[in-house]
1. List pairs: first residue in region 90-112 and within 16 Å of T52 (Cβ to Cβ) and modelled with pLDDT of 70 or more, second residue charged (D, E, K, R) and surrounded by 12 or more Cβ atoms within 10 Å (Cβ to Cβ) anywhere in the structure, Cβ distance under 6 angstrom, at least six positions apart or on different chains.
2. On the basis of being out of contact with any Phe, Trp or Tyr (no Cβ under 6 Å at 6 or more places or on another chain), farther than 13 Å from F41 by Cβ and among the small types (G, A, S), does A54 make the cut?
3. So, in region 66-83, exactly how many residues are in a helix (DSSP H, G or I) and either among the hydroxyl-bearing types (S, T, Y) or surrounded by 17 or more Cβ atoms within 10 Å (Cβ to Cβ) (or both)?
4. Based on this model, can you work out whether V56 counts as in a loop (DSSP other than H, G, I, E, B) and at pLDDT 90 or above?
Amino acid sequence: MILQGFPPCSPFRGVNAKPNHMVAYFGNKTLYLPIKGLIMFQRRHYQKMAETLATVHNIDNKPVEAVSVMFSRDNPNYSEERFFEAFRKEYEWIWGEPYPFALRGRYERLNA
C-alpha cells in the first residue's frame, strides 16, 4: 500500500483565516472544530501561568493583563476574574505582601 501525502495548505486564507486564535490551519473547515479543542488552553494552563507570573516580584500589571486578554480570545469559557484571583493569591503567598498594582480596576493600588 502506498501512502499518498496531501499538498501543504497555506495559512490565513479562505474561510479558516483566524489570525487572533491559536489554531492549526489545514485549509479544511471540517478539521477546524475537532482540532481546536485539542489546541485550546485549559484551566491547568491558566493556573500554571498565574503561578509563573506571580514569581516575579513587583511585576507590572501590563503583562498580566496581556496574558489574560490572550486567554480570553482563546477560550470563551475563560474567567478573567478567576485568573486574577489565582495570580493575586499566589503572589501574596510567595512574597508575603499584597499585589501593589490594580488589575483592570478589580484591585486597588496600595499606595493610592
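The values are calculated or read from the model by the stated rules, or taken from the named source; none is laboratory data. All values reported here derive from a predicted model rather than from experimental measurement. Neighbour counts run over all protein chains shown; Cβ positions are idealised from the backbone, glycine included.
1. E90/E51; Y99/R88
2. Criteria not met by A54.
3. Qualifying residue count, region 66-83: 6.
4. Yes: the conditions hold for V56.
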